[in-house]
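The next block holds one structure in the form of structure tokens; read it before the comments.
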Amino acid sequence: MADEVLRERRGRVEVLTINRPDARNAVDAAVSVGLGTALDELADDADVSVVVLTGSGDKAFSAGMDLKAFAAGDGPAVLGAPGGFGGVTRRTFPKPLVAAVNGSALAGGFEIVLACDLVVAADHATFGIPEAKRGLIAAAGGLVRLPKRLPLAVALELALTGDPVDAGRALALGLVNRVVPSDRLLDETMALAGRIAENAPLSVRYSKDVICRAATVPEDDGWALSDAAMAVVFSSADAIEGPIAFAEKRPPTWQGR
């Protein structure tokens, strides 16, 4: 793994850190390849239940695309990376992705956050898609995901003004799950990720899949998705282990099958 992306295993949680603090963790080709390669591996790693994404330092989660790298010809490698921008934004990842936002998450950095399932933000974090101020558009998912997360007028305000919102407003809008003191960010994120990782991997995986897919289809189709997931999960070894462990008053031993 390149130095631009750091990996750390904490129990059943893998922490991926964009490690370019001097460039405000902007995404270049090495970051895109590093994140994409890591996520490819983690998708099939039975020992990992949750992945946390964060940035180095306390200034920025990510400032988005590295414009210097873009000008040097790295644009296709960054924007067209497998999995989308940063190796993340067009990826269908089967396990929960949790963003630990340690500062500003702007442009493509915010779009990476929007591609995550849960978000824990430091109290000084900010979020925005300022592309309109640069003659661009938020083409890595911002214009697609924001109207699904926010009232249309608010999504339009963020896109058309390019102005950022602070952590408090992001929490009120439902863009983040928790706002915590900056010195507690990773601890609080790991606590949330750990609570997920304690649960049955198959149950977590199918719960994420059904919720994400059902959010965009009619209710009857949502029921079909739920019924199909139930058929798999309820017939699994973990569906037997869970009730037995509960009755025996002991922690379950999940097999992920």
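Residues in the stretch 169-190 that are without any contact (Cβ under 8 Å) to a residue 40 or more places away in the chain and either in contact with a strand residue (DSSP E or B) (Cβ under 9 Å, 6 or more places away or on another chain) or more than 16 Å from residue 100 (Cα to Cα) (or both): how many? The number of residues fulfilling the criteria is 6.
Residue check: residue 245 meets all listed conditions (1) open to solvent by less than 80 Å² (accessible area, probe 1.4 Å); (2) in a helix (DSSP H, G or I); (3) modelled with pLDDT of 95 or more but one, namely (3).
Give the residues of the stretch 153-173 that are in contact with a helix residue (DSSP H, G or I) (Cβ under 9 Å, 6 or more places away or on another chain) and more than 12 Å from residue 107 (Cα to Cα), sorted by residue number.
154, 155, 156, 160, 161, 165, 173
Residues checked against (1) among the basic types (Lys, Arg); (2) part of a loop (DSSP other than H, G, I, E, B); (3) open to solvent by less than 70 Å² (accessible area, probe 1.4 Å); (4) closer than 22 Å to residue 188 by Cβ:
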residue	(1), (2), (3), (4)
9	yes, no, no, yes
16	no, no, yes, yes
31	no, no, yes, no
39	no, no, yes, no
46	no, yes, no, no
58	no, yes, no, yes
68	yes, no, no, no
91	yes, yes, yes, no
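The number of residues in the stretch 182-240 being open to solvent by less than 60 Å² (accessible area, probe 1.4 Å) and outside any helix (DSSP H, G or I) comes to 3. The lone criterion from (1) touching a Phe, Trp or Tyr at 6+ places or on another chain (Cβ under 9 Å); (2) more than 20 Å from residue 96 (Cβ to Cβ) left unmet by residue 217 is number (1).
Pick from 227, 187, 220: which is within 26 Å of residue 11 (Cα to Cα) and among the charged types (D, E, K, R)?
Details: 227 fails: within 26 Å of residue 11 (Cα to Cα); 220 fails: within 26 Å of residue 11 (Cα to Cα).
Result: 187 is the single residue among 227, 187, 220 that is within 26 Å of residue 11 (Cα to Cα) and among the charged types (D, E, K, R).
The values are calculated or read from the model by the stated rules, or taken from the named source; none is laboratory data. From a predicted model like this one, the values you see are computed outputs, not experimental measurements. Cβ: placed from backbone, ideal geometry, glycine included. Neighbour counts: every protein chain shown. Calculation scope for accessible area: heavy atoms of the full protein, side chains included, ligands and nucleic acids excluded. Shrake-Rupley method; radii C 1.70, N 1.55, O 1.52, S 1.80 Å.
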